[in-house]
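A.B. asks: The structure is given below, and queries will be raised subsequently.
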Amino acid sequence: FPIDITFKSTNPFGWPQIVLSVYGPDFFGHDVVRGYGAVHVPFVPGRHRRTIAMFVPESTSRLQQLTSWFTGRRPEFTDPRVVAQGEGREVTKVRSQGFVTVTFNVM
């Protein structure tokens, strides 16, 4: 999808980034998270391809996993800054969920 970006930040450390949240239907038709990922947008003009490793948070216990499977309410991040910064994410249980390839055309 073509995206037009204007940069604005209160803290320039670690930006510009693009944060992806991928959703899709589960077995019961509930819209659930399929993966999160983030990548820095290149500064240099030209065509750039980036492969983003996607991950999804998981429940910590079997009971929570079973309950979330039946209700369709899987663990999610409520704040996209968690994905972009990574701070505090080391205590979160996540599972690798594949890759997304993004192409940037920077002018």
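A.B. asks: By the scheme Lys and Arg +1, Asp and Glu -1, what is the net charge of all other residues having a beta-carbon under 15 Å from that of P42? Mind showing how you got there, number by number?
C.D. replies: Values: positive: R47, R49, R50; negative: none.
My count for the surroundings of P42 gives +3.
A.B. asks: Once amide H atoms are placed 1.01 Å from N in the peptide plane, what residues at a sequence separation of 5 or more from I52, or on another chain, have their amide H within under 5 Å of its amide H?
C.D. replies: V100, T101, V102
A.B. asks: Using modelled amide H (1.01 Å from N, peptide plane; none on Pro or chain starts), what sits under 5 Å from the amide H of A38, excluding residues fewer than 5 places away?
C.D. replies: Close amide H contacts, sequence-distant or interchain: L20.
A.B. asks: Next question. For H40, tell me the accessible area in Å² from a 1.4 Å probe, rounded to the nearest 10.
C.D. replies: In the full protein context, H40 sits at about 100 Å².
A.B. asks: OK, next. For region 16-30, in order, what is each residue's ³J(HN,Hα) by Karplus, 6.51 cos²θ - 1.76 cosθ + 1.60 with θ = phi - 60°, in whole Hz (x at glycine and Pro)?
C.D. replies: Once rounded to whole Hz, the list reads x, 10, 10, 10, 9, 10, 9, 10, x, x, 9, 4, 8, x, 6.
A.B. asks: At T60 and Q17, where each label point lies 7 Å from the Cα along Cα→Cβ, what is the point-to-point distance in nanometres?
C.D. replies: According to this spin-label approximation, the distance is 2.3 nm.
A.B. asks: For F27 and V44 in the same chain, what is the full-extension length gain: residue separation times 0.36 nm, less their Cα-Cα distance, in nm? List each step's numbers first, then the result.
C.D. replies: Numbers: separation 17, 0.36 × 17 = 6.12 nm, distance 4.28 nm.
Extra length available between F27 and V44 comes to 1.8 nm.
The values are calculated or read from the model by the stated rules, or taken from the named source; none is laboratory data. In this text the structure is predicted, and so the values were computed from the model without any measurement. Because the Cβ atoms are built from the backbone with ideal geometry, glycine has one as well, and the counts that use them run over all protein chains shown. Please note that ligands, DNA and RNA were not included when accessible areas were found on the heavy atoms of the full protein model with its side chains. Shrake-Rupley method; radii C 1.70, N 1.55, O 1.52, S 1.80 Å.
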